[in-house]
1. Let me have the 222 nm mean residue ellipticity of chain B computed from DSSP H runs of 4+ only, each contributing -39500 (n - 2.57), with the sum over all residues rounded to the nearest 500.
2. Averaging sequence separations of C-alpha pairs under 8 Å and six or more residues apart, then dividing by the length of region A:88-149, give the relative contact order as a whole percent.
3. Give me the distance in nm between label points sitting 7 Å out from Cα along the Cα-to-Cβ direction at B:Tyr288 and A:Arg118, one decimal.
4. Give the carbon-plus-sulfur fraction of the accessible surface of region A:47-154 in %, rounded to a whole number; probe 1.4 Å, heavy atoms of protein chains only.
5. What's the total accessible area buried between chains A and B, using a 1.4 Å probe, rounded to the nearest 100 Å²?
6. Roll a 1.4 Å probe over the protein heavy atoms and report the accessible area of B:Phe128 in Å², nearest 10.
7. Leaving ligands, DNA and RNA out of it, report the carbon-plus-sulfur percent of the accessible area of region B:1-112 at a 1.4 Å probe.
8. How large is the accessible surface of A:Asp174 in square angstrom, using a 1.4 angstrom probe and rounding to the nearest 10?
Amino acid sequence: MLAVQGVSRSFGGVYAVRDVTLDVADGEVCGVIGPNGAGKSTLFNLITGHLAAERGEISFLGRRVDRLAPHRRARLGMSIVFQAARVFRGMTVRENVMVGLHGRTSAGFVAAALRLPRHRRDEREIAARADAALDRVGLSEWADRPADQLPIGQQRALQLARALCARPRLLLLDEPASGLRGQERERLAELVEELRAGGLTILLVEHDVAFVTRLADRIVVLDLGRVIADGPPAEVRNDPLVLAAYLGQSA
Amino acid sequence: MMLGRVAVPLAAAVTLALPAVLDDSALAVYVLLGLAAMVTVGVSLLMGYAGQVSLGQGAFYGVGAYTAALLALNGLPPLLGLLAAPVAAAAFALVVGLPLLRLRGHHLAFATLAMQLILLSLAGQLDFTGGDIGLQAIPPFSAWSFEAGGVTAYAYLTWAGLALVMLVTRNVIASRPGRALRALATSETAAASSGIPVGRYKLAVLALSAAFAGLAGGIYCFYTGYVAPGSFPVLISIQYIVMAVVGGLGTIWGAVVGAAAITLLVQGLDRLANLPGMPSYAPGVLSYAVYALVLIAVVLFLPNGLVPAIRRLLSRERPAKTR
Ligand SMILES: Nc1ncnc2c1ncn2[C@@H]1O[C@H](COP(=O)(O)OP(=O)(O)OP(=O)(O)O)[C@@H](O)[C@H]1O
Ligand SMILES: [Mg+2]
């Protein structure tokens, strides 16, 4: 599904991601953990194309994507939920989610300006699918509110709905549980389990090790931009290198 | 919603009735107001909805005016010139937008300003644009058997154009491409992650706003009968931004209200400055001072502009009445 091969990226001479190799199989939930600044978000940006890799190759669904623009990778079936909430201001919650369907629809300026039948059909379908996605993350009652007035937990859910709306093949979640309270966290975990059961491939960055252990089939540990462990949760948790990295951070 | 259902027919009725009751000098102001509003709707779309700044909308206005003028002077039907004006302005925007839209914020603002200055100096130097003197004796607008004789005809033409521009803008904003524009205004990264080709959409919205300005320019050249570099000073681009901000960025009606407020204010001050006994520098000083003061006052007291403020006022009053 996704093959990351020897990918590196540095900022001002310091490597944020260094020679990372990672394979994610179809239908797998792969957790990515590591101390602050380990390079997890940078790795996600390299995969989705928001940052260019200096070295290495990235393939998605058997196709080289490392030279493709982010919107092209999105259209191939990658959806990301960013670590920092990025809801679109000046739009309602529903409209925000409708944006997620951009790559799956095609009505352009002319069709919109003239209100062509094709455009109307598209709009109806987009709204219906957005509502379904909102329902799925439990935001239905908020649909007509301005998106930027949502509490942070709901903003995260909104982004998730936007990402799911596009019917991705690969979903990248960057710390989706941070800032969520107990009940919201549980709800998110259940949703991820549901998505996994539906066969969706997921890359999950999360600091809460218990959360990742519960959801992931496999855990990759990053430290200082390198992969220091890769395996089933039970194995990775007792890895001496991993323990050292985490202890080193808290010391 | 309620407001729209009352306001739209009312505005349409007033628009249609005004040319019948206004005298010629007032009608001239009415035409200029409509043309300014047409450009300002584009500015509001570009800045308010898509978050891109342009201090060079006057250049697109000029490209439209020169295009229509040149075609008409070369014997082509004025209708063709008028249709070519927005097309040429949009094509020009696509060409200059390709490098310019890589810039953001005030870099983009300065670059668009520079673009207008370069264009003005070119128009002042080249032979086919008539140099500093410009193009004269442009025939009046005509289509089929209709010929625009007086100001009234131009008033209707202008306001029909404005209605078209507003309708297109409204339809675009509430659609898939419009959502894409509003999304990239907040975050280009998040927009791209949703599959939006950000660069292409920024170009498209610049071209659309340029087409609106170009259409206004086309009408303007037939209305005045001549165009020269002096008709499109940098101040005019700034004026469009002041109008959009005063009326309320990111509202279509705001563009019209802003254009009306500033046009009438400037006209009033012009009369004041030209009263006997006023110094000769009064008109210039007053018009610049007014842009500055109005802009500062609006930013300080009505940061969202006039139209959002009026809407809030009305929606606050209504429940009070039903009680
Ligand atoms: N755009 C950037 N410019 C400069 N340095 C950057 C940039 N993005 C990331 N870095 C640096 O790269 C390193 C890795 O950052 P990254 O955000 O990928 O870490 P992370 O594992 O996601 O951390 P966290 O758990 O805090 O989110 C950090 O040292 C960070 O300062
Ligand atoms: Mg991070």
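1. The helix-only estimate for chain B comes to -25500 deg cm²/dmol at 222 nm.
2. 61
3. For B:Tyr288 paired with A:Arg118, the spin-label model returns 5.2 nm.
4. Numbers: 2520 of 5270 Å².
For region A:47-154, the apolar C and S fraction of the accessible surface comes to 48 percent.
5. Values: alone 12430 and 15740 Å², together 25610 Å².
The contact between B and A buries close to 2600 Å².
6. Accessible area of B:Phe128: about 130 Å².
7. Summing carbon and sulfur atoms, their accessible area is 76 percent of the total for region B:1-112.
8. Taking all protein chains as shown, A:Asp174 has close to 10 Å².
The values are calculated or read from the model by the stated rules, or taken from the named source; none is laboratory data. The structure displayed is predicted, hence computed values, not measured ones. All Cβ positions, even for glycine, are placed from backbone atoms using ideal geometry, and neighbour counts span all protein chains on display. Heads up: the accessible areas ignore ligands, DNA and RNA and are worked out on the full protein's heavy atoms, side chains in. Shrake-Rupley method; radii C 1.70, N 1.55, O 1.52, S 1.80 Å.
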